[in-house]
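Each remark here refers to the structure printed beneath this line.
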Amino acid sequence: MLITIIITTLTLSIKKQGDRIKKQPSAAIKLLSALLLVCAALILIFTNVLYSSYNTKTSAHSNYSSIANKSYYSITDTVSNEEFSKLLNTNFLKRIKSLHSEMSTNPNYLYYDIIDQYITIDNTVFPDDFYYDKDGNILNAIQVSNSFFEVYNLALDSGRFFSQDEYIGDNKETIPVVLGSAYSQFYKIGDTINNAEYLFKDYSLVVVGFLNENSYYIHQENPTLLDTTIVMPSLNYINEPIPKSDEAYHQIALYTSKIEGVYVLNDKSQFANLYGWLQSITKEYGVYKLDFLSIPISSAYFLQCISQQYINTAVIIVSAFLILLFALFSQMSYYIYQAKKHYYQVLLICGASFLQIVFDISKSILLLCVLANLLALSITEAFISIEYSILIILISSISVILISSLYVDTILKKDYIG
């Protein structure tokens, strides 16, 4: 509908000024060339969106296929602040460590740690979606156990995952990190990120890998993309800290989160046994009661649905702009021929074929599409360099339109016989 309105309006506008255009067709050609530039640039931009959406859909489908036939249960606590304060006055840390060890090593149930604990890194300059709180320099981060990567079939674009000894936190000042794909424009493998605050302690983070683009996981009913997330190992501590020390509070904060991970069951019928077993061991270790939250894994299909909507929308938009591009191409070809009519008539008399005339006109217009490609690339780059996006789009658009205007003048003057 929009394309029909544009074409109809354009045709009526040109017909209304028919006499002036016949005498000076360059005005129509410049108008058409500007519209053609914008149209071709938009086709390239939306084609890129279409390609990216297809990749997202493919990635989501791959992950979904690998996890759809299992059941997922997130662990939640039911403890009150008063009850928790009483527990801290006992040998709580030792007991909660033992509880976590049993939860994560039972061969009958697959368990992974997943901790949504953000980290603070001063003096960072990233796009807004990298931050949980930009004003506080608080970045998106999660801490996971090794089985997390296996459950969600996550793969690396480069680098490696964590080794077993890197999950040990004792006497450690440096932590390896696997970064989401969007971080690859800021860091490379081996880079060190200093002064990262995590659970009241300062660490240096060493980049060991980058996840594939569009990697995601499911937690608390929501599919979450990892492109702008820092993935850290969920640390385990062997040594016992001095009671009520900073290290003790660090470990308590860590382990109260570690026991709120996720169980993955091959069969829902296992849940009754799992529930009974977990209640018995929490009672055995004198830790507060834990409960389950079933994760509806059908929500994993959410990303596929979103991607499919993007694909359908992008296909419609690209198709519509291709129709408009063809209409503009035809109109512009006609007016170029009118502007250089005498020249082409001479060529025909001299033996040139009609196809040669069409090729000569088309060649000139196709070169404008190359300029449109430059415009599309600059706009795409603008969305990567968010800070200067408006300036990049403005400068590139003005430059390309000016160049195209000069180019049209060159087309009309070249070999012109009046």
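Scan the range 106-215 for GluC sites (Glu not before Pro) in coil per DSSP, keeping those whose Cβ has at most 11 other Cβ atoms within 10 Å, and list them by number. It would help to have the intermediate numbers written out before the result.
Details: sites: E150, E166, E173, E197, E213; in loops: E173, E213.
Loop-located and lightly packed - E173.
Take the Cα gyration tensor of the range 177-232, multiply each eigenvalue by 5, square-root it, and list the three semi-axes largest first, rounded to whole angstrom. Don't jump to the answer; show the numbers that get you there.
Values: eigenvalues 89, 51, 10 Å².
That gives 21, 16, 7 Å for the three semi-axes.
What is the antiparallel percent of DSSP beta bridges lying wholly in the range 75-212, to the nearest 5? Intermediate values should be presented prior to the final figure.
Numbers: 16 of 22 bridges.
Once the DSSP bridges in the range 75-212 are tallied, antiparallel ones form about 75 percent.
Hey, how much of the P(r) for the range 124-247 falls beyond 25 Å, as a percent of Cα pairs? Working shown, then result.
Numbers: 1848 of 7626 pairs.
In whole percent, the share of Cα-Cα pairs in the range 124-247 beyond 25 Å is 24.
How many times 2.2 N^0.38 Å is the alpha carbon radius of gyration of the range 67-107?
Values: Rg = 14.3 Å, N = 41, 2.2 N^0.38 = 9.0 Å.
After normalising by residue count via 2.2 N^0.38 Å, the value is 1.59.
At 0.36 nm per residue, minus the direct Cα-Cα distance, what do Q270 and K172 gain on full extension? Give it in nm, one decimal, please. Could the numbers behind the result be given before it?
Numbers: separation 98, 0.36 × 98 = 35.28 nm, distance 3.81 nm.
Extra length available between Q270 and K172 comes to 31.5 nm.
Rounded to the nearest whole Å², what accessible area per residue is found for the range 185-233 with the 1.4 Å probe? Mind showing how you got there, number by number?
Numbers: 2060 Å² over 49 residues.
With all protein chains present, the range 185-233 gives 42 Å² per residue.
How far is it, in nm, from the label point at D246 to the one at A352 when both lie 7 Å from their Cα along the line to the Cβ?
8.1
Residues of the range 247-283 with the amide nitrogen closer than 14 Å to a label point 7 Å from the Cα of Q117, along Cα-to-Cβ, please.
Of the residues in the range 247-283, 247-261 have backbone N under 14 Å from the label point off Q117.
Can you compute the FRET efficiency between Q279 and R160 using 1/(1 + (r/R0)^6), with r the Cβ-Cβ distance and R0 = 35 Å? Round to the nearest 0.05. Please report the intermediate quantities before stating the final value.
On the way: r = 38 Å, r/R0 = 1.10.
Calculated value: 0.35.
The values are calculated or read from the model by the stated rules, or taken from the named source; none is laboratory data. All of these numbers come straight from a predicted model, not from anything done at the bench. Note: ideal-geometry Cβ built from the backbone for every residue, glycine included; neighbour counts use all protein chains shown. Only protein heavy atoms, including side chains, enter the accessible area calculation; ligands, DNA and RNA are left aside. Shrake-Rupley method; radii C 1.70, N 1.55, O 1.52, S 1.80 Å.
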